[in-house]
Amino acid sequence: MADSLWRTSIDVAAGDASVFGAALEPFCEAVALFGDEDDGTWRVEGLSRNEPDRAALGIALALALAAACHGVPRPEPRIEHLASRDWLAENLARFPSFGIGRFFIYGSHLAERAPAGRIGLLVDPGTAFGSGRHASTAGCLIALDDLSRRRFRRPLDMGCGSGILAIAMAKLWRAPVLAADVDGEAVVVTRRNARLNGVGDRVRAVRADGYQAPGFGAAGPFDLIVCNILARPIKRMAAGLAGGLQPGGVAVLSGFLARDAGGVLFAHRAAGLRLVRRITIDGWRTLVLTR
């Protein structure tokens, strides 16, 4: 389906990329960070179906700058209208199959399937995040693969995106998985991908903003929580995660740069969790913790 999109991009210091990414989130359907860990400047880029409110965006960026505590001018966003194109078809064309640990990720546009001995994850990202190629998602999959020898009965995927991590958990442990996202489109995409993978009966996708959402109490406490979002909301929800994770449970956190991991870890240590493992891929950090 052809779509007309707006692209908003800003260049910021590498250490501030996650803060400004969080500032763009309310205005965009998808936000991505691009850069090199050794380079001082990163690009934060968001895509939206409608032109962002420039005044509101300016206020959000000013608040992000204040949170970053830098006495530098506010970065100026570049907002441009993109011509109508078949974005989904182009996205799929750039999505070849690949492996992460025992997982084999592929799209429905490909005739191939998972080789013997691998766990196939058929994922069409659509307009939601989560093809598995991003280093933060890869870090989560590596952590789940490493945890596969344990038995989990009540996993949660908080910020499910395309549903790739919820599907991976449903296939690894054949357990019912709750998948939650604040974005209604992500919920729709997760449900579709779960059906395509034959685990539609095991993955329940709901729209939720945090661990206090209706229905979470009945579904928990969880013995495994995966949360692959930006550093700022992860830190804000640390107490909620600790409250929803049963004693001895495991949390896998990702979606932030290695330089932001200290703040994420501090927030969760203060909530009663301890570090088990760090995974770093291309400057992105995944933390495995336990309660």
Handout entry: Any chance Leu224 is assigned to a strand (DSSP E or B) and either touching a strand residue (DSSP E or B) at 6+ places or on another chain (Cβ under 9 Å) or crowded, with 17+ Cβ neighbours inside 10 Å (or both)
Key = yes
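Here is a yes/no grid of residues against (1) touching a residue at least 60 places away in the same chain (Cβ under 8 Å); (2) assigned by TED's automatic domain parsing to the domain that holds Thr41; (3) under 17 Å from the mean Cα position of the chain (by Cα):
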site: Ala179; (1), (2), (3): no, no, yes
site: Tyr211; (1), (2), (3): no, no, yes
site: Gly217; (1), (2), (3): no, no, no
site: Pro221; (1), (2), (3): yes, no, no
site: Cys227; (1), (2), (3): yes, no, yes
site: Ile279; (1), (2), (3): yes, no, yes
Problem - Arg118 over 22 Å from the mean Cα position of the chain (by Cα), modelled with pLDDT of 70 or more and closer than 24 Å to Gly139 by Cβ - result: yes
Practice task
Give the number of residues within segment 159-182 that are closer than 21 Å to Ile234 by Cβ, out of contact with any Lys or Arg (no Cβ under 8 Å at 6 or more places or on another chain) and at pLDDT 95 or above.
Solution key: 4
Practice task
Go through the residues of segment 266-273 one by one and say whether even a single one is crowded, with 22+ Cβ neighbours inside 10 Å and assigned by TED's automatic domain parsing to the domain that holds Cys140.
Solution key: yes
Exercise for the section: Return the only residue of Arg259, Arg232, Arg236 being free of Cβ contacts under 8 Å to residues at least 60 places away in the same chain and out of contact with any Pro (no Cβ under 7 Å at 6 or more places or on another chain). Expected result: Arg236
Exercise for the section: Could you run through segment 230-240 and say how many residues are farther than 29 Å from Arg151 by Cβ and in a loop (DSSP other than H, G, I, E, B)? Expected result: 1
Practice task
Could you grab me the full set of residues in segment 232-250 that are buried (at least 21 other Cβ atoms within 10 Å of the Cβ) and over 15 Å from Gly210 (Cβ atoms)?
Solution key: Gly249, Val250
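The values are calculated or read from the model by the stated rules, or taken from the named source; none is laboratory data. In this text the structure is predicted, and so the values were computed from the model without any measurement. Quick reminder, even Gly has a Cβ in these numbers, built from the backbone with ideal geometry, and neighbours come from all protein chains shown.
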